[in-house]
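Heads up: the structure comes next, in structure tokens.
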Amino acid sequence: MSPRTAEHMTWHQSHDAVNGVMVHPSDGEAWKHFNSVHPHFSAESRNVCLGLCTNEFNSFGSFATPYSCWPIILTVYNLPPRMCMRPEFMFLSTVIPGPSSPGRNIDVCL
């Protein structure tokens, strides 16, 4: 939709990685392993790679209150480092409310 953003969506595959230095998730071993396990997906550089982030916070500001919220944020990892962590490329997909953390059952919520 945006020509300015579209030109950056293949950055993760075209950038020059420095050996031993991780400046982007695409430089990491997990990314390389995923590409080797799923060669059809990694062959097309325009396929969108997403990161899932979460963190607990107490919405009432008091840790004595037994209630928490877990926002689930998706981040577009195709973009260069200066762009992928900007608010306009981070998407709040879900908020998991509850009296306690979802813990190991977070996959059920997702």
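A few comments on the model shown:
- Complete set of residues in the stretch 49-76 that are at pLDDT 90 or above and open to solvent by 40 Å² or more (accessible area, probe 1.4 Å): L50, I73, L74
- Helices (runs of 4 or more DSSP H) contained in the stretch 18-107 and holding at least 1 residues farther than 24 Å from H8 by Cβ: 29-37
- Cβ pairs under 7 Å, 6+ apart, first in the stretch 81-110 and on the phi > 0 side of the Ramachandran plot, second acidic (D, E) and open to solvent by 80 Å² or more (accessible area, probe 1.4 Å): none
- When the stretch 21-35 is limited to residues that are open to solvent by less than 80 Å² (accessible area, probe 1.4 Å) and not hydrophobic (A, V, I, L, M, F, W, C), the one that is nearest to M83 (Cα to Cα) turns out to be H24.
- Residues (under 19 Å from the mean Cα position of the chain (by Cα) and among the aliphatic types (A, V, I, L, M)) located in the stretch 1-52: A6, M9, M22, V23, A30, V48, L50, L52
The values are calculated or read from the model by the stated rules, or taken from the named source; none is laboratory data. Note that the coordinates shown come from a computational prediction; the quantities given were computed from them, not determined experimentally. We place every Cβ from the backbone using ideal geometry, glycine too, and count neighbours over all the protein chains shown. Keep in mind that these areas ignore ligands, DNA and RNA; they rest on the heavy atoms of the full protein, side chains included. Shrake-Rupley method; radii C 1.70, N 1.55, O 1.52, S 1.80 Å.
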